[in-house]
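Asks: The following block contains the structure, expressed as structure tokens.
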Amino acid sequence: MGFFDTILYPIQWVVAWIMYGSHQLFMALGFQDGPGFAWVLSIVALVIVIRILLIPLFFKQIKASRGMQMMQPELQAIQKKYKGKTDPSSREAMGRETMELYRKHGTNPMASCLPILLQSPIFFALFRLLYNLGNIASGTQDPIGPIDQPVAADIENSDLFGAQLSDVFLQTDDWSVRIVILFLIVAMSATTFFTQRQLTMKNMPKAALEGPMANTQKMLLYVLPLIFLISGVNFPVGVLIYWTTTNLWSMGQQFYTIKRMPAPGSEAERLLKEKRAAKAAKKGIVVEEEKAPEPPKPQGQRQQPVRKNRQKKKK
């Protein structure tokens with residue numbers, strides 16, 4: 001067993017049991033035993049189980065991402081305030097005010113990345129599990145959980161439109177299989193793009209779509225799908241199915257969240273208010289538009305009242 005397999009073995013064991021249990025469920029629903037589409041669906045079931053467990057973190061991610069975007073105008077003001085100041089006291093003050101801003105908005109830079117970070121070990125565990133199917137099926141590697149030699153052979157021989165779950169684009173010469181894999185790579189990249197675009201473009205106020213951080217997110221909107229498009233030729237079919245499915249889940253989850261709980265000042269909030277106003281108008285109810293709160297006036301130094309000289313009484 002290699003170094004990465006040793007580290008990922010506990011997660012591979014959990015992934016193997018979820019897939020095996022899902023396959024048993026699909027068999028009870030009428031799918032055939034052995035190689036077949038039930039093993040493809042077991043990867044979809046793996047996504048569903050993992051994403052249900054990550055739902056609380058998903059809402060924390062939405063809240064954190066919202067907070068990071070909403071605080072951008074204030075963060076830019078702090079950066080402008082200390083621009084060009086390199087002395088230790090100024091850098092310390094800038095860091096202190098930035099951390100106070102994070103606490104005020106209840107967010108931090110890492111919170112928005114938690115679901116992706118937690119899914120990464122599962123992604124790599126599934127990658128290694130599918131990669132090792134041939135060795136387990138041939139008996140040269142020990143079983144992983146319930147996936148023993150016969151089960152590994154069944155998974156390895158299961159296919160999606162002729163492409164086996166362990167097939168990799170660069171490791172096959174069959175162009176009918178390569179075309180299926182290319183379709184899955186494009187689907188994975190496209191769903192990654194639309195998932196990111198849905199979150200950044202439809203659920204953020206205009207003020208939050210400007211500035212250095214917004215520019216970075218816009219760049220990642222195009223860079224991440226491109227990375228997946230290039231690196232996808234190294235992924236097994238099963239991993240491509242997993243990542244595409246998890247992207248589709250994210251799109252559905254975000255659609256529900258954006259529709260029900262849009263970020264203040266976003267395009268989604270404007271559409272929600274128009275929809276509510278239209279429903280109220282049908283019932284004869286006039287909905288007054290909410291006025292944006294006035295920004296607080298800058299407070300200068302308090303002016304002390306001038307004391308009047310009292311006139312002395314003449315004796």
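Asks: Give the residues of segment 41-55 that are assigned to a helix (DSSP H, G or I) and either hydroxyl-bearing (Ser, Thr, Tyr) or open to solvent by 10 Å² or more (accessible area, probe 1.4 Å) (or both), sorted by residue number.
Replies: Answer for segment 41-55, where residues must be assigned to a helix (DSSP H, G or I) and either hydroxyl-bearing (Ser, Thr, Tyr) or open to solvent by 10 Å² or more (accessible area, probe 1.4 Å) (or both): Leu41, Ser42, Val44, Ala45, Ile48, Val49, Ile50, Arg51, Ile52, Leu53, Ile55.
Asks: So Met71 fits all but one of (1) at pLDDT below 75; (2) open to solvent by 70 Å² or more (accessible area, probe 1.4 Å); (3) farther than 19 Å from Gln196 by Cα; what number is the exception?
Replies: (2)
Asks: Then there is this: Which ones in segment 16-40 are open to solvent by 40 Å² or more (accessible area, probe 1.4 Å), closer than 19 Å to Ala153 by Cβ and not acidic (Asp, Glu)?
Replies: The answer is Trp17, Tyr20, Gln24, Met27, Phe31, Gln32, Pro35, Phe37.
Asks: So which of Ala263, Ala268 ends up being at pLDDT below 75 and outside any loop (DSSP other than H, G, I, E, B)?
Replies: Among Ala263, Ala268, only Ala268 is at pLDDT below 75 and outside any loop (DSSP other than H, G, I, E, B).
Asks: May I pose another question? When segment 160-185 is examined, which residues are found to be buried (at least 16 other Cβ atoms within 10 Å of the Cβ) and touching a residue at least 24 places away in the same chain (Cβ under 8 Å)?
Replies: Leu160, Ala163, Gln164, Leu165, Ser166, Asp167, Val168, Phe169, Val180, Ile181, Leu184, Ile185
Asks: Taking segment 124-144, which residues are in contact (Cβ under 8 Å) with a residue 60 or more places away in the chain and either over 20 Å from the mean Cα position of the chain (by Cα) or surrounded by fewer than 19 Cβ atoms within 10 Å (Cβ to Cβ) (or both)?
Replies: Phe124, Arg128, Leu129, Leu130, Tyr131, Asn132, Gln141, Asp142, Ile144
Asks: Can you find even one residue in segment 169-184 that is in contact with a helix residue (DSSP H, G or I) (Cβ under 8 Å, 6 or more places away or on another chain) and of a type in the set (Phe, Trp, Tyr)?
Replies: So far as segment 169-184 goes, yes, one or more of its residues are in contact with a helix residue (DSSP H, G or I) (Cβ under 8 Å, 6 or more places away or on another chain) and of a type in the set (Phe, Trp, Tyr).
Table: residues versus (1) under 29 Å from Pro225 (Cα atoms); (2) in a helix (DSSP H, G or I); (3) touching a Cys at 6+ places or on another chain (Cβ under 7 Å).
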| residue | (1), (2), (3) |
| --- | --- |
| Leu130 | yes, yes, no |
| Ile136 | no, yes, no |
| Thr140 | no, no, no |
| Val180 | yes, yes, no |
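Asks: Mind checking which residues of segment 26-40 are in a helix (DSSP H, G or I) and out of contact with any Asp or Glu (no Cβ under 9 Å at 6 or more places or on another chain)?
Replies: Phe26, Ala28, Ala38 - these are the residues of segment 26-40 that are in a helix (DSSP H, G or I) and out of contact with any Asp or Glu (no Cβ under 9 Å at 6 or more places or on another chain).
The values are calculated or read from the model by the stated rules, or taken from the named source; none is laboratory data. Remember, it's a predicted structure, so these values are computed and weren't measured experimentally. When we count neighbours, we look across all protein chains shown, and the Cβ atoms used for this are built from the backbone with ideal geometry, even at glycine. Side chains are part of the model used for accessible areas, which takes the heavy atoms of the whole protein and leaves out ligands, DNA and RNA. Shrake-Rupley method; radii C 1.70, N 1.55, O 1.52, S 1.80 Å.
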